Structure formats: structure tokens, C-alpha cells
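Worksheet: the structure to be examined is printed underneath.
The values are calculated or read from the model by the stated rules, or taken from the named source; none is laboratory data. Only a predicted model underlies this, so the values are computations on that prediction, with no experimental measurement involved. Every residue, glycine as well, gets a Cβ built from its backbone with ideal geometry; the counts of neighbours run over all protein chains shown. Ligands, DNA and RNA are stripped out before the accessible areas are found, and what is left, the full protein with its side chains, is counted by its heavy atoms. Shrake-Rupley method; radii C 1.70, N 1.55, O 1.52, S 1.80 Å.
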Amino acid sequence: MNAASGRPAGKRYRLDKPELLAPAGNLEKLKFAVHYGADAVYIGGQKYGLRSNADNFSLEEMKEGVEFASRYGAKVFVATNIYAHQEDLAGIADYLRGLESVGISAIIAADPAVVETAMRVAPGLEVHLSTQQSTMNWQAVRFWKEEGLPRVVLARETSMDEIREIKRNVDIELEVFIHGAMCSSVSGRCVLSNHFTDRDSNRGGCCQSCRWKYDLHEGEQSVMGEGDNPFTMGSKDLCMIRHIPDLIDAGVDSFKIEGRMKSIHYVASVVNAYRQAIDAYMTDPLGYRLKQEWVDEIGKAANRPLNTGFFYSTPGAGEHIYEPEEKPAPYDFAAVVTDYEPATGMAVVQQRSPFKPGMEVEFVGPGGRAFSQKLEELFDDEGNRLDAARHPLQTIRLRTDRPVAAWDIMRKKTL
Ligand code: SF4
């Protein structure tokens, strides 16, 4: 024990808080991610990103997103991480200037042509090296630092020991995926989707064909998965909520959550849990204890099996999902609170999926505020009593057992 600091000998505690970086597939998800505690969000524009099926942002939407995020002191990054064919590069300079003009803080790029163009035509944009470059050693990180990049997003395949070694050798920001889907191939080096659907994973088209159901035949003979027992090739999802101190102590500067295609409920819940864990550790590293409610919060919005990816060992056969997983998440997003009247105890909510009186629901807000209750009477915005809230985006008034606030989520049990 160091007598002066009270820290265990040899243990290094960082004083600067790491960034919590959340995915935002559209403007509404961006607002939820920021409201629930993200320090930064990453989005896709209408070109050059790797999620061509997300509701990618127009420049106007980016501007609105940047303005919203800046009210919370948060930043917006744009994924421009395709590997570009020659034809993809037409218009890239104007596109990057456009991002700079609406206040985007950084792009996440993989192709050196995109990196070089951004540095030349849009110097106000930081360039972060995408995980698509599969960077896993300090010499490669040093190369990108010498090219002028302030941050590298490490490959998901990098171990905790390798992160420590990189941080020891190169003074640069390191961004690391801490939660979300994993590729069952080496990230970004997969052509399953290209072969099966002609959708290019490296140009944003991955259709997650590793999660399809397969039968495997060797010639005429069935080897695996015949009939009612198909198999899949998906990976368990990454979850590092139990290992926040390790990540911080290793020197990770940005904790990245995967999932621009994920729901508002998922993004808000996962950000909410990690925000609380990071803040708790940074406030009191020695007294830090993992809270089961953070783990539970993540489990309420998704039901895929979880593991720690490559951080502590190379995932083996047990880390793949061979049986198709059909179970839904235990809770479903039912409504978002838009207003609350303390005098009457009535909340105004916007419907996101059907609910009705008698149903058990849970209200959740940033910082872990949560309570359950049974729904009583429901009213529409003209005061008419309703037997159910059936219509998407319908405005509903209902009584809550405790005060709630705008942006709180009302969720219902699915199981
Ligand atoms: S098909 Fe699966 S393994 Fe291939 S890129 Fe997509 S997610 Fe990764």
C-alpha cells in the first residue's frame, strides 16, 4: 500500500474519466443515447459507412444531432469506414467538408484514401482509425500516430494485456469495444454476406448471415443441423460491465458500445448501466463494487448470451452460438414519457408498443431511477378513457406511482 495515496502498491488509477461512446442509428436514438449518459455518439451518414441498412443521417439531421449533443457537452462522430473501391471515392472531399461544416467532431475511417482526404480537406475533423483496420499491436498504433491520428479503435480481437502494452508504448487515445455483437470471423474480414446475398460487408451491407440457420452436408451425408435442428455460426455478444476497473486501469480512453441497428430501449439501457458503473468507479476506485442492478439492466433489453470476447482469452467453441436463439428480450419498450404533472401525478406518454390497464410495467430513467407498477386507467389526449393503447405514437395520459420525467422509458414484460 502506498502510504501517501492509500492505493495498493503498483496499482495505477487514472484521474481522467474515459469516454462512453454509444451507437445512434437515427436522430431519436442519438437523443436517447446522450440523455442517458453517453459522452459521445457515433452515427452513419448516407455514404461511406458500414451500416447501409441503418436510417443513416442527412447533413441536416447531423446538424440537429450535433446541436442536441452539445447541450449535454457530448460529441458526434461519423463512421466513414468503408474500404473504398475507386468509384466510392467520387465526392468524398465534399462529403467530408460537409461533416466539418455541421460540427461533427471526428470521423472513424479505415481506408487510407479517406484518412488522407479528411486530413487535407477538412482539418477541423479529427480522424479516428476504425476497428476495420484490425490494429492489435503498438507498432501499428505508433504508425497511425505518426500519420497524425489522435485515436485508434483497436480490433475486437485485442487482449487486455495487449491494450496495456500498446498504452505503455504509444501516447495516443485508445477506443475499445466493450459491449455488443461480435463477428464470428475476424471482424471486417468476412465475405459470407457477399457470397450469400451479394451484400458487401466491407461496404456496409453485412446481412449477418453467420446467424442464419444451416444444415451441413458432406456430399450426401448430413453432418450437422438436419431437419428440426439447424445450427448457426453466430458469436455470443460482448459484455464488459463486470470488468470496468480492468478497462480503466489498462488505459482505455473510450468505451464503445456496438449497435447502430439496435432499438432505443437497448441503447438507453446499456448506456444507463455503463454510465453508472464508470461514474461509480471514477468517484471511488477503492470502494467500487459491481451492482447487480447494472447487470440486470443490460439483461432487460436483450437476451443474447454474453461473454468477454478476446479480453482475457481467445474465445473457443463454447463462445459460439450453435443453437438458433429465438427468445425475445424480457422487456419491451412500451412508451416514452413526454411530460409529468406533479399536481395530479399523471404522466403523458407516447405509445411505442401496445399496452393496457392491469399490465405490469417498469419506468426507467437516467442514473438508474426505476420502479415497477401496475397500469391503471388510460386516457387519450381528449380525456377519453381507453381500454388499451393500440396506436403507435398515440399520446396517452396515465397515473404513475412515483414522479417520472420526460425521456423516461416505460417498458413491459414480454416473458
Ligand atoms: S456475416 Fe457474421 S461474421 Fe460475417 S461480417 Fe457479418 S456479422 Fe461478421
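Measuring with a 1.4 Å probe in the full set of protein chains, what accessible area per residue, in whole Å², belongs to the chain?
Per residue, the chain has an accessible area of 46 Å².
If you restrict to DSSP beta bridges whose two residues both lie in the chain, what percentage is antiparallel, to the nearest 5?
The answer is about 55 percent antiparallel.
Charges at C-beta only: +1 for Lys and Arg, -1 for Asp and Glu. How large is the resulting dipole of the chain about its Cα centre, in Debye rounded to 20?
960 debye
Using a Gaussian network model of the chain with C-alpha springs under 10 Å, which one of Leu27, Leu378, Leu174 is most mobile by mean-square fluctuation?
Ranking Leu27, Leu378, Leu174 by mean-square fluctuation puts Leu378 first.
Classify the stretch 195-352: rounded, prolate or oblate, from the alpha-carbon gyration tensor (a ≥ b ≥ c, eigenvalue square roots; a/c under 1.5 rounded; otherwise prolate if a/b is larger than b/c)?
oblate
Per the 1.4 Å probe, what fraction of the accessible area of the chain, in percent, lies on carbon and sulfur atoms?
49 percent
Tell me, what is the FRET efficiency for Asp296 and Ser101 to the nearest 0.05, using R0 = 60 angstrom and their Cβ-Cβ distance as r?
0.90
What does the highest-first list of 282-293, 335-346 look like by mean Cβ count within 10 Å?
Result, highest mean first: 335-346, 282-293.
Using all alpha carbons of the stretch 98-146, what is the percent of pairwise distances in each 5 Å bin, ordered from the shortest bin to the longest?
Pair shares across the bins are 5, 21, 29, 23, 13, 7, 2.
Using the Cα atoms of the chain, I'd like the radius of gyration and the largest Cα-Cα distance, Dmax, both in angstrom.
22.7, 73
How many Å³ per residue does the convex hull of the Cα positions in the stretch 331-413 occupy?
Given the Cα convex hull of the stretch 331-413, per-residue volume reads 78 Å³.
Roughly what would the spin-label model give for Lys356 and Thr197, points 7 Å off Cα along C-beta, in nm?
Reported label-point gap for Lys356 and Thr197 is 3.5 nm.
Using alpha carbon centroids, what distance separates the stretch 253-287 and the stretch 350-415, in Å?
With the stretch 253-287 and the stretch 350-415 each reduced to a Cα centre, they are spaced 25 Å.
Rounded to the nearest 0.05, what FRET efficiency do Asp94 and Gln221 give with R0 = 51 Å and r taken as the Cβ-Cβ distance? Could you check?
Between Asp94 and Gln221 the formula returns 0.35.
Which aspartates and glutamates does Lys374 reach when only Cα atoms under 20 Å apart count, and residues fewer than 8 places away in its own chain are ignored?
Glu297, Asp332, Asp339, Glu341, Glu360, Glu362, Asp387, Asp401, Asp408
Decide, for the stretch 284-355, between rounded, prolate and oblate: order the square roots of the alpha carbon gyration tensor eigenvalues as a ≥ b ≥ c, take rounded if a/c falls under 1.5, and otherwise choose prolate if a/b is larger than b/c, else oblate.
Because a/c hits 1.5 or more and a/b fails to exceed b/c, the stretch 284-355 counts as oblate.
Taking just the alpha carbons, could you work out the radius of gyration and Dmax for the stretch 237-288, both in angstroms?
Rg and Dmax of the stretch 237-288, Cα atoms, are 11.8, 37 Å.
Quick one: compute the contact order of the stretch 331-413, relative version, from alpha carbon pairs under 8 angstrom and 6+ residues apart, as a percent.
It comes to 44 percent, rounded to a whole number.
Using only helices, what value at 222 nm comes out for the chain when you add -39,500 (n - 2.57) per DSSP H run of length 4 or more and divide by the total residues, to the nearest 500 deg cm²/dmol?
-7500 deg cm²/dmol
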